Amino acid sequence: QVQLVESGGGLVQAGGSLRLSCAASGSIFSINAMGWYRQAPGKQRRELVATITSIGSTTYADSVKGRFTISRDNAKNTVHLQMNSLKPEDTAVYYCNLLAAINYWGKGTLVTVSS
């Protein structure tokens, strides 16, 4: 079993910054990628925010490019999301994702950006 624990969410004013972290533990053998997804209030689908592979290749949603930065510590099986210039539309529950043989998800951390 793999457990993902997110931290770093909270309330911030527009233009502010937050840093999310996700620590993976358990029986982890081969990680293909780790990343962050989010689900905004009232929306049913989770959308990709950013991912990073084991060799450091990154992917970002167009809406966060230039504002968010994903990073990863392979030795500690952790992934971080630095979020700058936050906007009210970034308000969502942010979920950590680990892609190995199967997909694993954290329970989510709420980010609220006030205008």
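The values are calculated or read from the model by the stated rules, or taken from the named source; none is laboratory data. What you see is a predicted model, and the numbers here were worked out from it, not measured in a lab. With ideal geometry, Cβ positions are generated from the backbone for all residues, glycine too; neighbour counts draw on all protein chains shown. All accessible areas refer to the heavy atoms of the entire protein, side chains included, with ligands and DNA or RNA removed. Shrake-Rupley method; radii C 1.70, N 1.55, O 1.52, S 1.80 Å.
Report the calculated FRET efficiency for N84 and Q3 (r = Cβ-Cβ distance, R0 = 30 Å), to the nearest 0.05. Mind showing how you got there, number by number?
Details: r = 28 Å, r/R0 = 0.95.
Rounded to the nearest 0.05, the efficiency is 0.60.
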Legend entry - Antiparallel content of DSSP bridges confined to the chain, in %, to 5: 90 percent
Legend entry - Label-point gap, in nm, between L110 and N32 - each point 7 angstrom along Cα→Cβ: 3.3 nm
Legend entry - Charge dipole (debye, nearest 20) of the chain; +1 at Cβ of Lys and Arg, -1 at Cβ of Asp and Glu: 60 debye
Inset, instruction - May I ask you to give the solvent-accessible area per residue for the chain, in square angstrom, as obtained with a 1.4 angstrom probe? - result: 54 Å²
